[in-house]
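For reference, the structure discussed in these notes is given below.
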Amino acid sequence: MKTRLTLAVGAIVAGVTWGGTANAALASFPTVTRNFAVWMVRAYDQCTPSGLSVVGSGVPGTGCLAANVATDSTITMSSTRLAVRKVTGKVAIYGRGYPAGARVKVQLTLRVTKGVGATKHPPKTNQKVTFADTTVQCGTTPFGFVANGRGTIAGSVLLSSCLGTNSGLSTGNIEIIDAALVNNDTGLVFAHPGVLR
């Protein structure tokens, strides 16, 4: 009796392990993702420590003076929210505290994986393909999103229109590798997703 029980338990464990592994390899992860939404913070230049000593508790002993050489310092804002909506397929922005007339573009770096009808080399049908990372800039005009006289920016644009001839990349498993706000006049990034604490 003990031998039969041991064999039965062993068979169940083997079946669960084998079935779980096979199912995990085929299952999509995750199954629900509704929207991408972030608050934006001021972008600063990346730091490569080169001699500045920092005195303080809980921080590294070296750093760099905050700078905006590779990033933009001319546009100011008090708050900005950026979203990419699943249902509408729109990239939306709402911000306050901008200089009147400021021209801003949303920059996204996307990595898209999706099912395609067929591939040629090798020739197969119904394949899942990951495409090369694509960086796009979005705006409602050629100048991007424009702040009104009260310093507010509010608008949205279809992600597919940002992608131009690659509009098919607006559906599928869309990884947002990077998001930024760009000053249209200088071409420099001035904000990234983040938290002010």
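Assorted remarks:
- The local environment of G194, defined by Cβ-Cβ distances under 14 Å, has a net charge of +2 under the rule Lys, Arg +1 and Asp, Glu -1.
- Y94-I177 pseudo-label distance in nm [points 7 Å out on the Cα-to-Cβ vector]: 3.1
- Once the 1.4 Å probe is applied to the protein heavy atoms, the chain comes out at 66 Å² accessible per residue.
- Pairwise label distance in nanometres, A83 with F29, each label 7 Å out on the Cα-Cβ vector: 2.9
- Centre separation in Å (Cα based) which lies between the stretch 35-61 and the stretch 150-177: 28
- Karplus-derived HN-Hα couplings along the stretch 164-170 (A = 6.51, B = -1.76, C = 1.60, θ = phi - 60°), whole Hz, x at Gly and Pro: x, 5, 9, 4, x, 7, 7
- Accessible surface of the chain, 1.4 Å probe, proportion on carbon and sulfur as whole %: 59
- Computed from backbone phi with θ = phi - 60° and the Karplus coefficients 6.51, -1.76 and 1.60, the 3J(HN,Hα) list for the stretch 46-61 is 5, 9, 10, x, 8, x, 6, 8, 10, 10, x, 8, x, 10, x, x Hz; x is used for glycine and proline.
- Taking every alpha-carbon pair under 8 Å whose residues sit at least 6 apart, the stretch 49-94 reaches a relative contact order of 22 percent.
- Relative to the longest principal axis of the Cα atoms of the chain, the long axis of helix 2-26 lies at roughly 30 degrees.
- Inter-label distance, T134 to T152: 3.3 nm, where each label sits 7 Å from its Cα along the C-beta direction.
- Given (1) 1.17; (2) 1.21; (3) 1.83, the label whose value is Rg/Rh (Cα atoms, Kirkwood Rh) derived from this model: (1)
The values are calculated or read from the model by the stated rules, or taken from the named source; none is laboratory data. Every value quoted in this text rests on a predicted model; they were computed, and no experiment measured them. Glycine also receives a Cβ, built like all others from the backbone with ideal geometry; neighbour counts cover every protein chain displayed. For accessibility, only protein heavy atoms count, side chains too; no ligands or nucleic acids. Shrake-Rupley method; radii C 1.70, N 1.55, O 1.52, S 1.80 Å.
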